[in-house]
Amino acid sequence: MKGDFFEPIKSGGRDGGASDEVLVARSRGPCPSVPGAPAAFECPVCGTAVATDARTCPSCGAEFAEEVTEEFECPACGAAVEASAEVCPSCGVTFATEEELEAGPKSRTVAAGKPAARAPAPAEVRESGLRQRLERAKAVRAATPPSASPADRRALYKELPRLVHEVKPMLLTARTVGVDIEEPKRLINDAIAAGKRREIDRAVALVSQSKVSLERSFAGQIAARVESLIGDLEKAKTGGSEVAPVEGLLEESVASLESGDFVSSSDRVNVAREEFEKIAGGYHRGKEALRGAEGLVEDCRVFNLDVREAEKYIRQGREALGRREYDSASQLADRATGAIMKVLPDFLNDEMKRARNKLLELKMRGGDLTRPIGILKQASIHLKREEYPDAMRFVRMFRREVESR
């Protein structure tokens, strides 16, 4: 065998627009490390390996900000407390978790008997079947070993170009669709080196391993894209969109994945995504944006806030949705949300002050305040994160809680 056995891969990389470096360059190796220091992460500026406790990069001098701990103000005493704390370190009050608060007071009884299980709709069965097939396809790829190399040396020389012919388009497609090819690249680099040393059996084995690694990467990435689109389909169907053509394309993609035709499977997912955007993408985004704005308006009405401007934009957005002007509907929903945000943050901050004063009154009366304190904790956390719908939800919950006492 004269010349480089892997010339087809290298020329394939050049033909596909990829540089030799992408497919066949030798690994650069680890970044230079600091002598005597345990390297834990790479400097985002220069790439130097830096110790975990380093505050500045020893190479370029970049400063690393310390991790910010999220805090909230204890509703009982006003001390700064970490968001994950279960007890205030200052006054000792216990905070109920968000899940416990959502479940309601412990004294609340559950109605006897369980509701009859709802039979899944045909569309749900179809989506569940797709997910199961995806999991099986990934499991099959994960368990597939590299193919055994022929024992005969002449057969090895025939096997190598066959494997190269299979791997080359997979590498180029992987690069196009964003599949991780670091491991396959490393194996191919090793195979090139073995080929130059005329270690033909090792070269064949390494290319075979590279192929298996690529197949697993393809299966994982394609399955994730199909899963994401299935989730979007479920939401679109809830809004009344007819997305059966997209489901058909996804079934074709999964069938190709099961048969090992990764290029075709990836193409079908792309076509399915494009078809979804044509059928329901713009409509779904516009409807969800308007629904979110309407939810904010409903919450604001409870607090007697002026939402007339937001209601006007929502009404216009609904009309735009009916005319299939989906981008316009989304923009009007954003305007409605913006109109609410002009007054909502200040109002919620004032409402939190009133809630704390109310809590002090309850404290004077005595009794178990675990639940109202926990509610205000969650309201404070969401308000600090600017998650206003959740903050309003807990403020309303606090109001109901204190009114029942």
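The values are calculated or read from the model by the stated rules, or taken from the named source; none is laboratory data. Note that the structure is predicted; figures quoted are calculated from it, not measured. The accessibility values were calculated without ligands, DNA or RNA, using every heavy atom of the protein model including side chains. Shrake-Rupley method; radii C 1.70, N 1.55, O 1.52, S 1.80 Å.
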Estimated vicinal HN-Hα couplings, Hz - region 128-137 in sequence order (Karplus 6.51, -1.76, 1.60; Gly, Pro = x): 5, x, 4, 5, 5, 5, 4, 4, 5, 4
Distant-in-sequence amide H partners of GLU71 (H built 1.01 Å from N, under 5 Å): ALA83
Solvent-accessible heavy-atom area per residue, rounded to whole Å², over region 270-329 at 1.4 Å: 56
Region 348-405 - percent of accessible surface contributed by carbon and sulfur, probe 1.4 Å: 47
Accessible area per residue in Å² at 1.4 Å probe, computed on region 334-404: 52
Cα coordinate range in region 207-348, projected on the principal axes (Å, largest first): 67, 33, 20
Descending semi-axes in whole angstrom, ellipsoid equivalent of region 292-405, from the Cα gyration tensor: 34, 12, 11
